[in-house]
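A.B. asks: Would you mind keeping the following structure in view while I ask a few things?
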Amino acid sequence: MHRIFLMVLSLLCSITMLKAQTLYSVSGKIIDSEGAPITGANVFIKNTTIGTISNANGIYKLNNLKRGTYTIEYTFIGYDNVEHVIDVQNTDVTYDVQLSEASTMLEGLVVTAQKREELNKDVPIALTSYGTEFINNINVSQYDGLSEYVPGLQVQLQSANNPGIVIRGITSDNGDSRVEPRVSVFQDGVSISKSRGSVVELFDIERVEILKGPQGTLFGRGAQIGAMHIIQNKPKNNTEGEIKLGYGNYNQKQLTGFFNTPIVKDKLLFRLAGTYNAYDGFIDNISGGKLNGKETGALRASMKYLISDKTRFTVIANWQQDTPPGTAFKSGTYAPIGGDVKPWTAADLEQGENLGLDRTVWGVTGILKHQFNNVWDLTSTTAYRAFDSDEAFDGDGTAAPSLYFHEIAEGKQFSQEVRLNFDKGGKFRGFTGANFFFEDGSQKVPLYTNEQSLVVLMADYLLGTNYLVADGVPAFWPAIPPAPGIPDELVGVPLQEYNEEYYANYGKNYSGDIFLDFSYDFTSKLTATLGLRGTWENITAGYEAGQAKYPAYLGYLTGTYPNNISKPTDGRITKNDHFLSMVGRFALNYDISKNVTLFGNVARGRRPNVISINADETRVLNDEIVWSYEVGAKSLFFNKHLLFDVNAYIYDYSHFQTSVATFDTDGGINLLTDDSGNATAKGFELATQYSINRNLSVFANYAYIDATFDDTDDDGNDQAYAGNTFRLTPKNSYSAGINAMANLTSDMEAYFRPSYSYKSGVYFEEDNDPACYQEGYGLLNFKVGLKYKKRADLSFYMNNALDEEYVIDAGNTGKTFGIPTYIAGPPRFYGTQLVVKF
């Protein structure tokens, strides 16, 4: 009996202890106001360290909770916080949460510049981030328009085939397939940096981040002085769509939209987006057609497969085609019939409607993300991309058939990156990984010419005369004329009415990277960041100049016989070389308060070595190195409603590479990249955004840049460009804008969004030729409209409202022959847009 009593007592104690140790959970789903799941929302029990984040389906779960009452806080940047009191007793609790977008919080505060989501304020880099709402408000579709509102960034678009991207005075615009850009352009983590393939439409995107200073650790070998990262919208777990229709002057037609839907709820998601934007050229061409127009169509399809709570795979396919009319490289020396040499009036480019661009860019990207545990996760990005472009342009800018070019550029690339991200409890976080990159490209330039006109152009260049065009009518000399320096045996030799030749460059590159970048919190206020990237490159460069269709006797005068312009080669000349390099950064963040952060960084940037080849010589140029030193402060006040940033920097360059086109009587025309020696850039930037309330927000920024070539090189020798200002670099630039709204009824609101941008004078050539200079100018844009229930939006817009006359480029091929050409900037554009959401 005693034994039975003890057994019963023991059993009762065990049951009591088991009951006392029973633990419960709180779980649920976090969605937005449209019903779409929110991934990465923070869920914390107040006044404890217990917390979690929502997964790809918006699901969260807090485990191991004892019985009791808990106050749980749900937060996600860009959304209003939610608190809820939950009573946990004898069962698990399910609680779903809907978060609403913050009505007045600033856009673009969350960035992924350091390969993880964090506030811009906490990133020790000078960084500008704009979201889709800002881009729509200022009514831009390409990043040249966006650049007007980014301090330190300038973008010049001769055409979609020929951009010039400038960050703090450093230009990346070389179409040579053997030359790497200084500024990287990325699309969802994939490089699209080669200039002939880098221009993409900004439609259905999440945000654009512009990072300034060397970013080799974060973005690889092409980010010597900065990077632009375009993050596109990905499929969501809900059904929604939008259509935008627009029509404006110059017969502008716009159609943009997207449709998003789950194919399999909570498992397989799909999104389709597209755009078409076209307008007639705003420069009349007397020889036929219009110039400086646009016609672009683009499509994007993406799918996201939620393999499990911890694994998801996204595939994105992009396609874009550009078929605009020709670019108005108008001569500033010879006027067309009945016209003048102003860049904004009618031109007479002799090929008429044959001028223009046909460019196709497409690519496929696959992104696999897997979370191993609360510390480690993996991202694998695989991508293939290709572009093919053919641009026809008139190099002399007149009715004379002297220099009619095509530029045929092709490129393909494959990249694979594997990155391990880690976050050990917040103190120690970062990423490590490896990257493989392959690219194969070419740039072929056929020249079609009437030698009877070309000889006049050459005579004008060599003798300082002006015979090429008189009263708008081209001159033709049927034979080589007598002139100083012309051998008697060439005088009277007949010239062809038509001839053609070409030169081409080729570039093939294999590269591999190993990288590590991490941050460590020494205290709750002080954080240090260290990044390193080692790169191995296998580069093959080639050059070829074919023989002219007919023997070109003018070549005896230029040293290029049997060609007119480029000295022929005996087939393709190639050279291969290998390079090893290292770049890195070190940065400090110090939180003065929860609102203000100071930062400083030192970074080493690199532009890869160039193998420069022409018919006469092959050279391997030193890699271009820059040391960057930067300090700044970032602040965020009033519950993330007021942002203010300031920074200052110094760049020290060695072996600065420049591309120069020359023409002489001992080798014809040569396009060479050269090592121009040392250079220095310094400056500072200010930026602020203030969302005063739901109906009023403002922004403003300012940038000062002093970027010049040094007086001497490392050996104390005088430099050719000593003291010259970098091209496309305004010393002062600023912009400001307002977004003002007024409630007309409970369902209707009106808005007014004016903005103004200004840039001081710029040189278009590194020799600082006064003939290739644009005085300072400002542009006023505005958009006004009505919005109904956030479902329909009718607006009227006007860009360059004051019809400012300015040029976006000067010099070009014509300058090589002493007759620079000029490209007019867009005049006043206006129109209406209707946006419908469903």
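A.B. asks: Could you tell me which GluC sites (Glu not before Pro) in the stretch 549-649 are loop residues by DSSP with no more than 10 other beta carbons within 10 angstrom of their beta carbon? Mind dumping the intermediate values first?
C.D. replies: On the way: sites: E617, E624, E630; in loops: E617.
Those that pass, being in a loop and sparsely packed, are E617.
A.B. asks: Now a separate question. Subtract the Cα-Cα distance of K253 and N238 from 0.36 nm times their separation in residues, and report this length gain in nm to one decimal. Kindly include the intermediate steps, with their values, before the conclusion.
C.D. replies: Numbers: separation 15, 0.36 × 15 = 5.40 nm, distance 2.99 nm.
Difference between extended and current length: 2.4 nm.
A.B. asks: Mind giving me the nanometre distance, one decimal, between the label points for K549 and E117, set 7 Å out from Cα along Cα→Cβ?
C.D. replies: Once both label points are built, they end up 6.0 nm from each other.
A.B. asks: Give me the distance between the Cα centres of the stretch 274-288 and the stretch 533-574, rounded to whole Å.
C.D. replies: For the stretch 274-288 versus the stretch 533-574, the Cα centre distance is 35 Å.
A.B. asks: A further question follows. Whole-Hz ³J(HN,Hα) for each residue in the stretch 114-127, computed from phi via Karplus 6.51 cos²θ - 1.76 cosθ + 1.60 with θ = phi - 60°, x for glycine and proline: what do you get?
C.D. replies: 9, 6, 8, 6, 7, 5, 3, 4, 8, 9, x, 9, 5, 9
A.B. asks: Count the net charge of all other residues whose Cβ sits under 14 Å from the Cβ of A552, scoring Lys and Arg as +1 and Asp and Glu as -1.
C.D. replies: Values: positive: K549, K567; negative: E451, E497, E500, E501.
Every neighbour counted, the sum reads -2.
A.B. asks: Within 15 Å, Cβ to Cβ, of P481, how many net charges do the neighbouring residues add up to if Lys/Arg are +1 and Asp/Glu are -1? Display every interim value, and only then the final one.
C.D. replies: Values: positive: none; negative: E451, D460, D488, E489.
Summing Lys/Arg as +1 and Asp/Glu as -1 gives -4.
A.B. asks: Near K790, which aspartates and glutamates are there with a Cα under 16 Å away, not counting those fewer than 8 places off in the same chain?
C.D. replies: Cross-link targets: D32, E34, E101, E133, E240, E242, D747, E749.
A.B. asks: Now, a different point. Using Cα pairs closer than 8 Å and at least 6 residues apart in sequence, work out the relative contact order for the stretch 124-172, in percent. Spell out each step's value before the answer.
C.D. replies: Numbers: 39 pairs, mean separation 10.3, N = 49.
Dividing the mean separation by the residue count of the stretch 124-172 yields 21 percent.
A.B. asks: Now for a different question. Label N576 and A736 with points 7 Å out from Cα along Cα→Cβ: what is the distance between them in nm?
C.D. replies: Distance between the two pseudo-spin positions: 5.9 nm.
A.B. asks: Where the accessible area of the chain is counted over protein heavy atoms with a 1.4 Å probe, how much of it, in %, is carbon and sulfur?
C.D. replies: On the way: 19230 of 34500 Å².
Looking at the chain in its full context, I get 56 percent from C and S.
A.B. asks: Computed FRET efficiency, Cβ-Cβ of N374 and E804, R0 60 Å: what is it to the nearest 0.05? Write out the running numbers ahead of the final one.
C.D. replies: Working: r = 55 Å, r/R0 = 0.92.
Taking R0 as 60 Å, the efficiency between N374 and E804 is 0.60.
A.B. asks: Any of K121/K759; K234/K369; K369/K412; K212/K412; K29/K640 with alpha carbons more than 23 Å apart? Name them for me. Walk me through the numbers on the way to the answer.
C.D. replies: Details: K121/K759 27 Å; K234/K369 14 Å; K369/K412 25 Å; K212/K412 27 Å; K29/K640 26 Å.
Checking Cα-Cα distances, K121/K759; K369/K412; K212/K412; K29/K640 exceed 23 Å.
A.B. asks: Quickly work out the I486-to-K412 label distance, labels modelled 7 Å from Cα along the C-beta direction, and quote it in nm with one decimal.
C.D. replies: Output for this residue pair reads 4.8 nm.
A.B. asks: For F313, F817, F782, give me the order by solvent-accessible area with a 1.4 Å probe, most accessible first, ignoring ligands, DNA and RNA.
C.D. replies: Numbers: F313 80, F817 5, F782 50 Å².
So the residues, ranked largest to smallest area, are F313, F782, F817.
A.B. asks: Hey, another quick one. Please work out the Cα center distance from the stretch 47-78 to the stretch 423-470, rounded to the nearest Å.
C.D. replies: Cα centroid to Cα centroid, the span is 55 Å.
A.B. asks: So, one more: Which value, in Å², gives the accessible area per residue of the chain when a 1.4 Å probe is used on the protein heavy atoms?
C.D. replies: Working: 34500 Å² over 838 residues.
That works out to 41 Å² for each residue.
A.B. asks: Could you tell me how many degrees, from 0 to 90 and to the nearest 10, lie between the Cα long axis of helix 2-20 and the main elongation axis, the longest principal axis, of the Cα atoms of the chain?
C.D. replies: 30 degrees
A.B. asks: Cα to Cα, under 13 Å, and not fewer than 8 places away if on the same chain: which aspartates and glutamates meet these conditions relative to K330?
C.D. replies: The qualifying aspartates and glutamates are D284, D340, D348, E350, D394, D396, D809.
A.B. asks: While we're on this one: So, by mean Cβ neighbours within 10 angstrom, what's the order for 535-543, 799-807, 184-192 with the highest one leading?
C.D. replies: Working: 535-543: 19.3, 799-807: 16.4, 184-192: 23.1.
Peptide ranking by packing, descending: 184-192, 535-543, 799-807.
A.B. asks: Also: Can you tell me the relative contact order of the chain? Whole percent, Cα pairs under 8 Å, sequence separation 6 or more. Walk me through the numbers before you get to the answer.
C.D. replies: Values: 2424 pairs, mean separation 79.7, N = 838.
Relative CO of the chain lands at 10 percent.
A.B. asks: Cα centroid distance between the stretch 731-798 and the stretch 167-232, in Å?
C.D. replies: First find each Cα centre; the distance between them is then 24 Å.
A.B. asks: Please give me the summed charge of the neighbours of I539: other residues whose Cβ is under 12 Å from its Cβ, Lys and Arg +1, Asp and Glu -1.
C.D. replies: Values: positive: R178, R221, K508, K575; negative: E180, E439, D440, E537, D577, D623.
Counting the neighbours of I539, the net charge comes to -2.
A.B. asks: Arrange the residues K815, K61 by how much accessible surface each exposes, largest first, with a 1.4 angstrom probe. Please list the in-between numbers first.
C.D. replies: Values: K815 50, K61 110 Å².
If we order K815, K61 from most to least accessible, we get K61, K815.
A.B. asks: Which label belongs to the value computed from this structure, given these candidates for Rg/Rh (Cα atoms, Kirkwood Rh): (i) 1.04; (ii) 1.14; (iii) 1.00?
C.D. replies: Matching the structure shown: (i).
A.B. asks: Now, a different point. Ignoring everything but the protein chains, give the 1.4 Å probe accessible area of I819 in square angstrom, nearest 10.
C.D. replies: Here the accessible area works out near 10 Å².
A.B. asks: Tilt of helix 451-463 relative to the longest C-alpha principal axis of the chain, in degrees (0 to 90, nearest 10)?
C.D. replies: Here the helix axis deviates by roughly 90 degrees.
The values are calculated or read from the model by the stated rules, or taken from the named source; none is laboratory data. All of these numbers come straight from a predicted model, not from anything done at the bench. Please note: Cβ atoms are built from the backbone with ideal geometry, for glycine as well, and neighbour counts cover all protein chains shown. Note: accessible area is taken over every heavy atom of the protein model, side chains too, but ligands, DNA and RNA are not part of it. Shrake-Rupley method; radii C 1.70, N 1.55, O 1.52, S 1.80 Å.
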